[in-house]
Amino acid sequence: TYLAQSVRQRAQGVEVETVPGITAMQDLAARSGTVLTEGTESLTLLPLTGGAGGLRAALATGDTVVAYKFGRVADEVLAAVADAGRLGDAVYGARTGLPDEDVRPAAGLTGPVPYLSTLIVPGHRTSLGGKLTAREPMTERCEGIEGASPGGGSSTGEGA
């Protein structure tokens with residue numbers, strides 16, 4: 001929306017059209033095989049452009065937590081997810097759908113990451129429709145994804 005507003009202000013007369021599509025969260029969930037919610041689980045979406053302040057509370061009280069735009073606070077975000085004991089199931093994605101997409105387990109990821117990165121931290125599941133305990137580790141689910149970097153490493157490059 002910011003980009004469309006800026007274009008309209010600077011290039012009056014240029015038509016800006018919003019094309020419906022899917023969100024980065026949905027794309028990342030599909031590419032990584034991550035279930036966002038089941039049954040009555042909650043889904044919390046947090047843009048972290050202002051810092052990771054609310055993330056710890058969301059991780060403590062919510063089921064699935066999705067963090068957006070966390071490039072400059074990536075290390076703080078990953079520490080919060082690790083402290084909550086939820087890093088093993090978390091998945092990271094940047095530039096999804098582009099030739100240089102990066103989809104991988106969040107464990108082992110180090111900053112910096114592009115501004116337009118997404119992190120999905122699934123809820124702890126213990127039963128179908130609620131909370132599954134027996135899950136494939138994120139490293140198994142990300143195998144075979146083009147652009148995935150098994151074993152972590154760092155993500156560099158510009159955001160899309």
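Details
- Close pairs (7 angstrom Cβ cut-off, 6 or more residues apart or separate chains): over 16 Å from M25 (Cα atoms) in the range 44-60, in a strand (DSSP E or B) and open to solvent by less than 80 Å² (accessible area, probe 1.4 Å) anywhere: G54/L46; L55/L46; L55/A67; A58/T44; A58/L46; A58/V65; L59/V65; L59/V121
- When T61 is tested against the conditions (1) under 16 Å from V81 (Cβ atoms); (2) open to solvent by 90 Å² or more (accessible area, probe 1.4 Å); (3) within 16 Å of the chain's Cα centre (by Cα), the lone failure is (3).
- So L98, is it hydrophobic (A, V, I, L, M, F, W, C) and touching a helix residue (DSSP H, G or I) at 6+ places or on another chain (Cβ under 9 Å): no
- Qualifying residue in the range 9-27 (condition: of a type in the set (V, I, T) and crowded, with 18+ Cβ neighbours inside 10 Å): no
- Check on S6, out of contact with any Asp or Glu (no Cβ under 9 Å at 6 or more places or on another chain) and loosely packed, with under 12 Cβ neighbours inside 10 Å: yes
- Within the range 1-20, the set of residues being at pLDDT below 90 and assigned to a loop (DSSP other than H, G, I, E, B) comprises T1, Q12, G13, V14, E15, V16, E17, T18, V19, P20.
The values are calculated or read from the model by the stated rules, or taken from the named source; none is laboratory data. All values derive from a computational prediction rather than experimental measurement. With ideal geometry, Cβ positions are generated from the backbone for all residues, glycine too; neighbour counts draw on all protein chains shown. Each accessible area value is taken on the protein alone, full model and side chains, heavy atoms only, with ligands, DNA and RNA left out. Shrake-Rupley method; radii C 1.70, N 1.55, O 1.52, S 1.80 Å.
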